[in-house]
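A.B. asks: Structure incoming, see below.
The values are calculated or read from the model by the stated rules, or taken from the named source; none is laboratory data. Being a predicted model, the structure only gives us computed values, none of them experimental. Glycine also receives a Cβ, built like all others from the backbone with ideal geometry; neighbour counts cover every protein chain displayed.
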Amino acid sequence: MEKRNFENILVVRTDRIGDVVLTTPALEALRKAYPRAKISIMVAPTTKDIVDGNPFLDEVIVYDKRGVDKGFLNFWRFVFKLRKKHFDLAINYHLKSRTNVMLFHAGIPHRIGFKSEKFGFLLTEQYPDPRINGEKHETEYCLDLLRHIGIDCRSFNLWVSVSPVSEGWVDHTFKEHGILPTDKLIAVHPGASCISKRWPPERFAEVADRLAEKYHAKIVLIGSDDNQLIAREVLISMKQPVADITGKTTVSHLISVLKRCTLLISNDSGPVHLAVGVKTPVISIFGRNQAGLSPARWRPLGFLDIALHKDVGCKVCLAHLCELNFKCLKSISVDHVLEAADEIFNKSKR
């Protein structure tokens, strides 16, 4: 498809933290291709902090399907709000029935996305969806959709917003926990969306203890409110002091916390990509041997970052119904993570 003249563009990415962060290179590519266009993004309330203030955007639209936009009448109220904005192109990265119906009834003349069985016929252009094969990184898949419409995409960086208000919150919170600006600070994130992606909490605790002792580092435990029980398991197993701010941070707070850290150790989850966005080195731990969930697609993209994954021979991943007691995760030892941390710290000195 040849590049067309679009003046009012809507990007739809109403899914999770990592998905939104990994779409930001596409926003930069769009801005370079259409420097005079109005570019908006539609996101969920939980990810608004990531893109607020993004220099490549003119507007952030929040779609709150569990709040103010919940229900039949509010859905149509939101659709009519979109219709009044007179978008001429919609790029839909989150292919749900709801978003495809929404964009169609908003009267947007050009609606593109990957091929989908979820009302995908309501898009004006559908392209083959290779993402389940996991042969490329998610950022490249996002850029590929733009290439389909004639946009020349080169390499771009991840971009996350850093709020001055959240920077002040971190100053205050760290002071309460005795964390100084000069401290080597290591963040530990033991949570993940599924048990099949969670490295054992006691191993996170041992890694944190040993790194704190070896590098005279301070440890900060992070995670959403849903991670409270997992965080407690880590705390019970730890011997070194730890600042536990699990469930106490917004996404904006978390960005500012990660910006101050020397290293993040995490399961494969959203905070990994937030850390990359603020140039904090990451060790990301992967479990499931499934192409669409592999490090090839979801690894952290920083120069020093390390993704740890062990293929234990599973032909089909049963996820949370695993019959091998999550052997893939347990094959990653404490020493594997410690060696990765040593490698990152040694390289960062050069």
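A.B. asks: So is R154 basic (K, R) and over 30 Å from K259 (Cβ atoms) or not?
C.D. replies: no
A.B. asks: Determine whether D305 is at pLDDT below 95 and either surrounded by 18 or more Cβ atoms within 10 Å (Cβ to Cβ) or more than 16 Å from L211 (Cβ to Cβ) (or both).
C.D. replies: It is false that D305 is at pLDDT below 95 and either surrounded by 18 or more Cβ atoms within 10 Å (Cβ to Cβ) or more than 16 Å from L211 (Cβ to Cβ) (or both).
A.B. asks: R147 fails exactly one of the following numbered conditions: (1) farther than 30 Å from N325 by Cβ; (2) touching a residue at least 60 places away in the same chain (Cβ under 8 Å); (3) out of contact with any strand residue (DSSP E or B) (no Cβ under 6 Å at 6 or more places or on another chain). What is the number of that condition?
C.D. replies: Result: R147 passes all but (2).
A.B. asks: Moving on. Output yes when any residue across the range 229-244 is of a type in the set (S, T, N, Q) and over 28 Å from G292 (Cβ atoms), and no when none is.
C.D. replies: Here is the first cut: in the range 229-244, the residues of a type in the set (S, T, N, Q) are 237, 240.
Applying the additional criterion that residues be over 28 Å from G292 (Cβ atoms) yields 237, 240.
Within the range 229-244 (the criterion being of a type in the set (S, T, N, Q) and over 28 Å from G292 (Cβ atoms)), the answer is yes, since at least one residue qualifies.
A.B. asks: Would you tally the residues in the range 79-98 being among the aromatic types (F, W, Y) and farther than 23 Å from L30 by Cβ?
C.D. replies: Final tally of qualifying residues: 1.
A.B. asks: Follow-up question, since we're still on this one. Cβ-Cβ below 8 Å, separation at least six or inter-chain, first residue in the range 274-294 and under 27 Å from L318 (Cβ atoms), second acidic (D, E) and crowded, with 24+ Cβ neighbours inside 10 Å: which pairs?
C.D. replies: S284/D268; I285/D268; F286/D268; G287/D268; L293/D268
A.B. asks: Determine whether I61 is buried (at least 16 other Cβ atoms within 10 Å of the Cβ), in contact with a Gly (Cβ under 9 Å, 6 or more places away or on another chain) and among the aliphatic types (A, V, I, L, M).
C.D. replies: Answer is no for this residue.
Residues are listed down the side, and each one gets a yes or a no for (1) crowded, with 20+ Cβ neighbours inside 10 Å; (2) within 12 Å of V170 (Cα to Cα):
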residue: A205; (1), (2): yes, no
residue: D209; (1), (2): no, no
residue: I219; (1), (2): yes, no
residue: I236; (1), (2): no, no
residue: L258; (1), (2): yes, yes
residue: C261; (1), (2): yes, yes
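A.B. asks: Kindly provide the set of residues from the range 9-22 that are surrounded by fewer than 19 Cβ atoms within 10 Å (Cβ to Cβ) and either out of contact with any His (no Cβ under 6 Å at 6 or more places or on another chain) or on the phi > 0 side of the Ramachandran plot (or both), ordered by number.
C.D. replies: Selection gives R16 alone.
A.B. asks: Go through the range 54-87 residue by residue and tally those that are farther than 29 Å from I255 by Cα, in contact (Cβ under 8 Å) with a residue 12 or more places away in the chain and assigned to a loop (DSSP other than H, G, I, E, B).
C.D. replies: Of the residues in that region, 3 qualify.
A.B. asks: Kindly indicate which of S269, S252 is of a type in the set (S, T, Y) and touching a strand residue (DSSP E or B) at 6+ places or on another chain (Cβ under 9 Å).
C.D. replies: It is S269.
A.B. asks: Looking at the range 201-228, which of its residues are in contact with a helix residue (DSSP H, G or I) (Cβ under 9 Å, 6 or more places away or on another chain) and of a type in the set (A, V, I, L, M)?
C.D. replies: Answer for the range 201-228, where residues must be in contact with a helix residue (DSSP H, G or I) (Cβ under 9 Å, 6 or more places away or on another chain) and of a type in the set (A, V, I, L, M): A205, V207, A208, L211, A217, I219, V220, L221, I222.
A.B. asks: Taking the conditions exactly as written (surrounded by fewer than 20 Cβ atoms within 10 Å (Cβ to Cβ), assigned by TED's automatic domain parsing to the domain that holds S196, under 26 Å from S161 (Cα atoms) and out of contact with any Cys (no Cβ under 8 Å at 6 or more places or on another chain)), does R299 satisfy them or not?
C.D. replies: no
A.B. asks: Follow-up. In the range 171-185, how many residues are crowded, with 17+ Cβ neighbours inside 10 Å and either among the hydroxyl-bearing types (S, T, Y) or under 21 Å from the mean Cα position of the chain (by Cα) (or both)?
C.D. replies: Residues flagged as crowded, with 17+ Cβ neighbours inside 10 Å and either among the hydroxyl-bearing types (S, T, Y) or under 21 Å from the mean Cα position of the chain (by Cα) (or both) within the range 171-185 amount to 1.
A.B. asks: If you scan the range 17-46, which residues turn out to be assigned to a loop (DSSP other than H, G, I, E, B) and among the aliphatic types (A, V, I, L, M)?
C.D. replies: L22, A37, A44
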